[in-house]
There are 4 protein chains.
Amino acid sequence: MFTGIQATFIGGDARQLEVIKKFIELDASVTLIGFDNLESNFTGAVKKELSLDVLRDTDTLILPIVGTDEKGNVESIFCSNSITLTADHFEAMNPNVSIYTGIAKPFLKEQCAANQLRLTEILDRDDVAIYNSIPTVEGALMMAIQNTDITIHGSTSIVLGLGRVGMSMARALHALGARVKVGARNPKDLARIFEMGLTPFELGGLADQVVDADIVYNTIPKMMLTEQVIARMPHDTLIIDLASKPGGTDFRYAEKRGIKALLAPGLPGIVAPKTAGQIIANTLCRLVTKHLANREGTS
Amino acid sequence: MFTGIQATFIGGDARQLEVIKKFIELDASVTLIGFDNLESNFTGAVKKELSLDVLRDTDTLILPIVGTDEKGNVESIFCSNSITLTADHFEAMNPNVSIYTGIAKPFLKEQCAANQLRLTEILDRDDVAIYNSIPTVEGALMMAIQNTDITIHGSTSIVLGLGRVGMSMARALHALGARVKVGARNPKDLARIFEMGLTPFELGGLADQVVDADIVYNTIPKMMLTEQVIARMPHDTLIIDLASKPGGTDFRYAEKRGIKALLAPGLPGIVAPKTAGQIIANTLCRLVTKHLANREGTS
Amino acid sequence: MFTGIQATFIGGDARQLEVIKKFIELDASVTLIGFDNLESNFTGAVKKELSLDVLRDTDTLILPIVGTDEKGNVESIFCSNSITLTADHFEAMNPNVSIYTGIAKPFLKEQCAANQLRLTEILDRDDVAIYNSIPTVEGALMMAIQNTDITIHGSTSIVLGLGRVGMSMARALHALGARVKVGARNPKDLARIFEMGLTPFELGGLADQVVDADIVYNTIPKMMLTEQVIARMPHDTLIIDLASKPGGTDFRYAEKRGIKALLAPGLPGIVAPKTAGQIIANTLCRLVTKHLANREGTS
Amino acid sequence: MFTGIQATFIGGDARQLEVIKKFIELDASVTLIGFDNLESNFTGAVKKELSLDVLRDTDTLILPIVGTDEKGNVESIFCSNSITLTADHFEAMNPNVSIYTGIAKPFLKEQCAANQLRLTEILDRDDVAIYNSIPTVEGALMMAIQNTDITIHGSTSIVLGLGRVGMSMARALHALGARVKVGARNPKDLARIFEMGLTPFELGGLADQVVDADIVYNTIPKMMLTEQVIARMPHDTLIIDLASKPGGTDFRYAEKRGIKALLAPGLPGIVAPKTAGQIIANTLCRLVTKHLANREGTS
Ligand SMILES: NC(=O)c1ccc[n+]([C@@H]2O[C@H](COP(=O)([O-])OP(=O)(O)OC[C@H]3O[C@@H](n4cnc5c(N)ncnc54)[C@H](OP(=O)(O)O)[C@@H]3O)[C@@H](O)[C@H]2O)c1
Ligand SMILES: NC(=O)c1ccc[n+]([C@@H]2O[C@H](COP(=O)([O-])OP(=O)(O)OC[C@H]3O[C@@H](n4cnc5c(N)ncnc54)[C@H](OP(=O)(O)O)[C@@H]3O)[C@@H](O)[C@H]2O)c1
Ligand SMILES: NC(=O)c1ccc[n+]([C@@H]2O[C@H](COP(=O)([O-])OP(=O)(O)OC[C@H]3O[C@@H](n4cnc5c(N)ncnc54)[C@H](OP(=O)(O)O)[C@@H]3O)[C@@H](O)[C@H]2O)c1
Ligand SMILES: NC(=O)c1ccc[n+]([C@@H]2O[C@H](COP(=O)([O-])OP(=O)(O)OC[C@H]3O[C@@H](n4cnc5c(N)ncnc54)[C@H](OP(=O)(O)O)[C@@H]3O)[C@@H](O)[C@H]2O)c1
C-alpha cells in the first residue's frame, strides 16, 4: 500500500490515467496538475494549480512519458493552458522527492542534477521495453493487414533485429503462419532464431534476402534498408519501420522506386493506450514499492 | 495446361484478376466481358462485348463471386455500363459449358436448370471456406486492434463456434497470447478446443462466460448474443460478429447498452483481395482440371 | 451427484481406478469385482465376488476398456483369478442397467442384444478419440526421441491422415519445430493443413514425399507405407505406425530394407494411464449424468 | 573450402563423426588418431598413431567435447587403447595451431598457455548453448513422458530459469499444451515470460508456486529445490534437474519425502548424438572459416 505517499501528477495523455487509477487504489494521496478537463471522476484525487507549495509537499512526482521539452513545458491532453516547469520549481522540491518519467530530455536531467533530485526514466528499462513490444507488434500487424492485399499467413516476412521488439515481432508473425526470416548480426541471435523455428540470416546478406519479401519489419535503429537493399525488393514489398525516428529506411529512395515504406513510431500509445498505461502503472508501482522498502531498510 | 479451353469472364472485382492471370498462365483462350476500364495489360486476353456468339463458343464461363442478382445483372468494377444476362443468353450457351460462380442466387440457378447447364458454386465448398477463413481472421484481428484500447495479448477473448472460421480464429488469438475461451455445442468440438490448449465451454452457459470478456468473436449464423447475454458483459466489451448477415447479435440492444458491436461481412475481399483471388483461382483450376480429366476419362 | 446409483466395476487396469475414484467422489454406491489385490483404499467402495445377486442390484455396470473376450472373460490386473461373464449373468441383470465399456467384442454385443440391455461403447466416440489423441501423440514423440539420433526440431516429419489423431500429431510436431508435411486425401483436410502452417500433400503423391523424410507417423488404418513407398525412403527414416493393428505399414519389407518401423498400439494406457483413466472417467460421468437427466425427463 | 588445412582429430564419441564428415566434405586433409575401430569408411581420412610428427604438421587440432582429463588422457569410444597427451606433445605442436575442444580442464589450459597455443572452448559460447538447448529439451520431454502417468498437455509445469535452456524448455512445454509457470529473478526475464504467453513468478516465491506442480524442470545451476521447497510439493511431483552437476535439487531430501527427482546431464549426446555432432561441426566450421579469413586479412 502507498498510504502516506504524496504523489503529484503533472500532465500527460490517456496512459497516465491508468497510473493515477493504480495510485489511488493503493491509497496514495494524489494531486493532479494539468488535468482540468478530465471528466472521469477520480474520487480521492485533488486537482490543483502548479505551485511551489505543492511541489514542496510532494515525495513522488510523476511526469508524462515524454517528460518536459527543452524549455520545461509539460504537455497535457487534459488541459488547455500550458504548464511550464522552471528552475524555481525544481529548487523548491523536497530533496527526497523521486521523479519519474518515460524519457528525459537534457533540460529535465540538468535540473535534477543541479538540485540533486532522484530522476528515474522508465522507458529505457529492459522489462518496460519488452512489455511495450506487445502493443508495438499488434500495431505493426494492423498496419500490415491494412496496407497489403495479401494475408500475413503465407507471406514471406522479414524481421530485422532480434532485440526486445524484434523477438516479439518474429514470434507473432510465425504464430500467424508467415514464413519468417530474421536478420541479426550476432551468433547467439542467429541460434535463437533457429530454435524459434524461424529462418536466420546474417545482416550482411540482407540485399539477397529481400528479393522475395512481401513485408519487411525493421527494428534496428540504424540505416539498414538502404538504396542497395531496396533496389532488390519486388515492387509491391511493404516496409514497416518500427525503429525510433528517423528509422532505418532510405524513405526518399523507397518513394522514388514506388515502394511503400511506413515509419510507425509510438504504436503502444496509439493502438493500446490502456495496456500501455498499465505497463507504466505496474512498473512505477514496483519501483515505488522497492524504493519504499529500501528507505525503510536503511532507516 | 488449359490449352484449347475457351474461358469467358463476365465482370467481378479485384479478386477476379487473379483468376484471369492464372487462366492465361495455363494457356487458356481468355475472353473478358465487362473489363473495359481494366488497365493492367493481360497479354493474350481479348476484351469483347456480351453477345450470343461469344457465349456459344465458351466452354468455361466464370461469373463473379456474387454471381448475378435476381434480374441477371452482373456487377463489374472494371466497367461503367451494366451487364445483364437474360434467358436468351442462357439458351444460347454451349450445352457442355461449365459455369462457375461463388454463390448463386435463384435466378442463376433457375436459368441453368432450365437449360441443363452445369453450374458450380465454389464458396460453399469446405476447402474454400477454410482457405477464406485465413483472411477473415486477419480482418477480425485488425478490427480488434483498431477498436479497443487494449492488446489482444492478455485479453480475455471468446470465440463462438469451432467451425471453419472459428477454428482459425481461435488458433490465431491463442497464438497472439490471448486467453481464449471457445463455445461449442458438440462434444467433439469441446474435445478439440481442449486439445488446442484453449478453454472450452458449452454454449448453454454463454451468459456466464461473457462476464469478463474483453472481445467476443461470433462465427455462428444464429442469434447467439441475445439481450440476456449482452446484459452480462462488461460495458467495454467489443463484439465482432463474423457470421453472415444479419449476424448473431442483438445489435439494437447492444447499442442501447452502449456495447460496441460490429458486423463484419466480406472480410477476405476487403483485407486481402489478392489472396482471396488466388484462393478462387486455385480452386477453379483444380475443378477445371478435374472436369477435363473426367471428360477425357469418359470419352 | 450420483447418490443412489448402484455402480459395479468388473476388472480392468490402472485407468479404471480413476473412474472408480470419480464415482465415489460423486457419491455413487460402488461395488468392485475383481479388485482383490487392489491396495489403494477406496473408502466407501465394497469388494465383492461376482454373483447373480450383485448384478441384479446394479444399475450401472462398468466393464474394462477392452470389454470381455470372445468367451466372456474379463481381464483384471488387480486379481489373480479370472472372471467370466456367462449368459446367466446377462440374463440376471436388471433390465434397466446401463453397461459401459471401451470397445465391445461380438460376444458382449450379442449378450446385450439378446437380453435387450443398453450397451455403450465409449472409445468410438469422436470426443474420446480426440482426448485420447493427446497421450497418443506424447507416446509417439517419446518413441521418436528414443529411436532417432536427431532432434524432432528441424527434422522432416510426415504425418499421414488429418483425422482425430493426425491433427494432434501434426500440431505437436510443428510446435516442436519440425518441418511437417501432412498427407490427406480430401480437399478440406488439405486446406486445414495449410491453414495450420504445415505443408499439405495428396496421398497419391506419397512415394515422392518420403524421399527426404526423417520420421513418418502413420495414423491411417489402411496399407499406406507399401513396398513402393518404403523403397523411396532414406535408409535411416523411422516409421512410427499409430494405426490400430495391423497398422498401415509393410513391416516385412521395411525390415528387409533395414528401415526401422514400429507399430505402437495402446499408447494412452502405456504413457499416461492416469490421464487416460480421467478421460474415461469424465466421459462416463457425462454419459451417466445425461442418462439420469433423460430418465427423469421421461418419467 | 578447407583445402590445404591439416586437421587432426584425437578421440571422441559419436558426435565427432559429424565433424569429421564435414571437414572431409570441405576438402580438409584429415588425420584420425584413436579411431582404430571406426567402421564407417571416411574416404580421404587417414588413420594414424599419435606422434610428435603428426602434431607438428597439424594446423587445426580437434579434441573431444570433454577435452582431456587432468592427466592428459583423451577418451575415445572408437579405440581400445588409451591416448595420452603429454607436455612433449604440446611442445612439439605447430605454434600456429588452433586447438578446439568443448570444455577444457586446467591441464589442457595450462599446456596451451605454457606453449602459447591458441585454444578455443566451444561449449561456453552462447550460440552453441542455444543450439544444444534443443536436444536438451527433447531429452527432458522424453523423461517427463516416461516418468509420469499423466500427459505434459494439461499438466502444471514449472521451469526455473529463462536462460538459454530455460527459454527453449518453456517454449516447448507451452507448445505441447502444458500450463507453464516460469521462475526468474530479473525483471527483463519476467517480462519476456509474460510476452511468451506464460505465467511469470519471482524465484523468491518458489515455495508457494510448487504446491500444485506436476513437473518441475530446473535449469539454474544453484541450489533451488531445497528442503523447504520440496516439502511444499504434492507427493507425485516429478523433478527433472537439467542444471550441470550437482544440479539444483536437494536429492537426499527429495528421496526421503518420496519425490522422484532425476538429474539429467549430457542429454544432447544421449538423445540426439547426430544433431549434437552437427551443432559442433557447424560451429567449428564457422570458427575455422573466420580464423582463415582473419589470417589472410593480416598477411
Ligand atoms: N514503433 C514503435 O512504436 C516502437 C515501440 C518500441 C520500440 N521502438 C523502437 O524500436 C527500436 C528497437 O527497440 P528494441 O527495444 O527492440 O531495442 P533493442 O532491444 O536494443 O534491439 C535493437 C536491435 O537492433 C540491433 N542493432 C543495433 N544496432 C545495430 C547495428 N549497427 N547493426 C545491426 N544490428 C543492430 C540489435 O542487435 P545487437 O544485439 O547485435 O546489438 C538489436 O537486435 C528502437 O529504435 C525503439 O526506439 C519503436
Ligand atoms: N465475415 C466474413 O468475412 C466471413 C468470412 C467467411 C465466413 N463468414 C461467415 O461466418 C459464418 C461461419 O462460417 P464457417 O465457414 O465457419 O461455417 P461453419 O464451418 O458451418 O461453422 C459454423 C459454426 O456454427 C455452429 N452452429 C451452427 N448453428 C448452430 C446453432 N444453432 N447452435 C450452436 N452452434 C451452431 C456450428 O456448430 P455445429 O458443427 O455444432 O453445427 C459451427 O461450429 C458463416 O455465417 C459464414 O457465412 C463470414
Ligand atoms: N497407437 C495408439 O495408441 C492409438 C491411439 C488412438 C488411435 N489409434 C488408431 O489410430 C488410427 C487413427 O485414429 P483416429 O482417431 O485419428 O481416426 P480417424 O479420425 O478416423 O482418422 C483416420 C484418418 O485416416 C484417413 N483414412 C482412412 N481411410 C483412408 C484411406 N483409405 N485412404 C486415405 N485416408 C484414409 C481418414 O481420412 P478421411 O477423413 O478422408 O476418411 C482420416 O484422416 C486408428 O486406427 C486408431 O485405432 C491408435
Ligand atoms: N542436462 C543437460 O543435458 C544440459 C544441457 C545444456 C545445459 N545444461 C546445464 O543447464 C544449466 C543452464 O544452462 P544454460 O545454458 O541455460 O545457462 P544460462 O543461459 O546461463 O541460464 C542459467 C539461468 O540460471 C539463472 N541463474 C543463475 N544463477 C542464479 C541464481 N543464483 N539465482 C537465480 N537464478 C540464477 C540465470 O538467471 P540470470 O540471467 O538472472 O543470471 C539464467 O536464467 C547449466 O548448468 C548447464 O550446464 C545441461
Percent relative contact order for segment A:121-241, counting Cα pairs under 8 Å at least six residues apart, stands at 24 percent
Along segment B:150-156, Karplus-curve 3J(HN,Hα) (6.51, -1.76, 1.60; θ = phi - 60°) to the nearest Hz, with x for Gly and Pro, reads 10, 8, 4, 3, x, 6, 8
A student applying the Cα gyration tensor rule (rounded when a/c is under 1.5; otherwise prolate if a/b is larger than b/c, oblate if not) would label segment A:1-149 prolate
Sorted by chain and then number, the residues having a modelled amide H within less than 5 Å of the amide H of residue C:102, at least 5 places away or on another chain, are C:65, C:66, C:67, C:122
Counting only DSSP beta bridges with both partners in chain D, the antiparallel fraction in percent, to the nearest 5, comes to 5 percent
For segment B:127-265, whose charge dipole is built from +1 on Lys and Arg Cβ atoms and -1 on Asp and Glu Cβ atoms, the candidate among B:259, B:154, B:184 with its Cα farthest towards the positive end is B:184
With a 1.4 Å probe and ligands and nucleic acids left out, the total accessible area lost when C pairs with B, in Å² to the nearest 100, equals 1800 Å²
Per the C-alpha gyration tensor (a ≥ b ≥ c, the square roots of its eigenvalues), the protein assembly as shown is rounded if a/c is under 1.5, else prolate if a/b beats b/c, else oblate; here it's rounded
For chain A, whose charge dipole is built from +1 on Lys and Arg Cβ atoms and -1 on Asp and Glu Cβ atoms, the candidate among A:136, A:115, A:46 with its Cα farthest towards the positive end is A:136
Counting only DSSP loop positions in segment B:160-202, the trypsin sites (Lys or Arg not before Pro) whose Cβ has at most 16 other Cβ atoms within 10 Å are B:185
Toy charge model, Lys and Arg Cβ at +1, Asp and Glu Cβ at -1: chain A dipole around Cα centroid in debye, rounded to 20, equals 580 debye
Once amide hydrogens are built 1.01 Å from N within the peptide plane, the residues lying 5 or more places from residue D:178 or on another chain with amide H under 5 Å from its amide H are D:154
Applying the gyration tensor rule to the Cα atoms of segment B:127-265 (axes a ≥ b ≥ c; rounded if a/c under 1.5, else prolate if a/b exceeds b/c, else oblate), the class is rounded
Counting only DSSP loop positions in segment D:199-266, the trypsin sites (Lys or Arg not before Pro) whose Cβ has at most 13 other Cβ atoms within 10 Å are D:222
In order over segment C:134-145: 3J(HN,Hα) from phi, Karplus 6.51/-1.76/1.60, θ = phi - 60°, whole Hz, x for each Gly or Pro, gives 5, x, 4, 5, 5, x, 5, 4, 4, 5, 5, 5
Output field shielding_mean for C:262-273 (other chain Cβ, 10 Å radius) holds 2
Between residue A:40 and residue B:103, the FRET efficiency computed from the C-beta separation at R0 = 45 Å comes out, to the nearest 0.05, as 0.40
Rounded to the nearest 5, the percent of DSSP beta bridges in segment C:1-146 running antiparallel is 15 percent
Among trypsin sites (Lys or Arg not before Pro) in segment D:71-121, those in a DSSP loop whose Cβ has at most 14 other Cβ atoms within 10 Å are D:71
Pseudo-spin-label distance residue D:245 to residue A:257, built 7 Å along Cα→Cβ, given in nm, is 5.6 nm
Distance in Å, no decimals, from the C-alpha centre of segment A:9-49 to the one of segment C:239-299 is 59 Å
Averaged over residues of D:150-161, the number of beta carbons from other chains lying within 10 Å of each residue's Cβ is 5
If labels are modelled 7 Å from Cα along the Cβ direction, residue B:44 lies from its partners in the other copies at nm distances, smallest first, of 4.5, 7.2, 7.5
With the 1.4 Å probe rolled over protein heavy atoms, segment D:127-265 has an accessible area per residue in Å² of 36 Å²
Averaged over residues of C:177-184, the number of beta carbons from other chains lying within 10 Å of each residue's Cβ is 2
With -39,500 (n - 2.57) per DSSP H segment of 4 or more residues and division by the full residue count of the protein assembly as shown, the 222 nm estimate, nearest 500 deg cm²/dmol, is -12000 deg cm²/dmol
Computed about the Cα centre, the charge dipole of the protein assembly as shown from +1 Lys/Arg and -1 Asp/Glu charges at the Cβ has a magnitude in debye, to the nearest 20, of 0 debye
Rounded to the nearest 10, the angle in degrees between the Cα long axis of helix C:164-175 and the longest principal axis of the Cα atoms of chain C comes to 50 degrees
Carbon plus sulfur, as percent of the 1.4 Å-probe accessible area of the protein assembly as shown, comes to 50 percent
With the label set 7 Å along Cα→Cβ, residue C:186 is separated from its counterparts in the other copies, in nm and shortest first, by 1.1, 5.2, 5.3
Rounded to whole angstroms and listed largest first, the alpha-carbon spread of segment B:185-266 along its three principal axes comes to 37, 28, 18
Pseudo-spin-label distance residue D:186 to residue D:202, built 7 Å along Cα→Cβ, given in nm, is 1.6 nm
Magnitude of the Cβ-charge dipole (Lys and Arg +1, Asp and Glu -1) of segment D:127-265 about the Cα centre, nearest 20 debye, reported as 240 debye
Under 16 Å by backbone N from the virtual spin label 7 Å along Cα-to-Cβ at residue B:222, the residues of segment B:155-193 are B:160-164, B:166, B:183-190
Net charge (Lys, Arg +1; Asp, Glu -1) of residues whose beta-carbon lies under 13 Å from that of residue C:269, residue C:269 excluded, is -3
Percent of all alpha-carbon pairs of chain B at distances over 37 Å, whole number, is 29 percent
Per DSSP loop assignment and a cutoff of at most 11 other beta carbons within 10 Å, chain B keeps its longest run without exposed GluC sites (Glu not before Pro) at B:71-299
Inter-copy distances for residue A:70, label 7 Å out on the Cα-Cβ vector, sorted ascending, nm, one decimal, are 6.6, 6.8, 9.5
For residue D:256, the aspartates and glutamates lying under 16 Å Cα to Cα, once residues fewer than eight places off in the same chain are dropped, come out as D:227, D:236
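The values are calculated or read from the model by the stated rules, or taken from the named source; none is laboratory data. Because the structure is predicted, anything quoted here is derived from the model rather than measured. With ideal geometry, Cβ positions are generated from the backbone for all residues, glycine too; neighbour counts draw on all protein chains shown. Remember, those area values only see protein heavy atoms, side chains included, never the ligands or the DNA or RNA. Shrake-Rupley method; radii C 1.70, N 1.55, O 1.52, S 1.80 Å.
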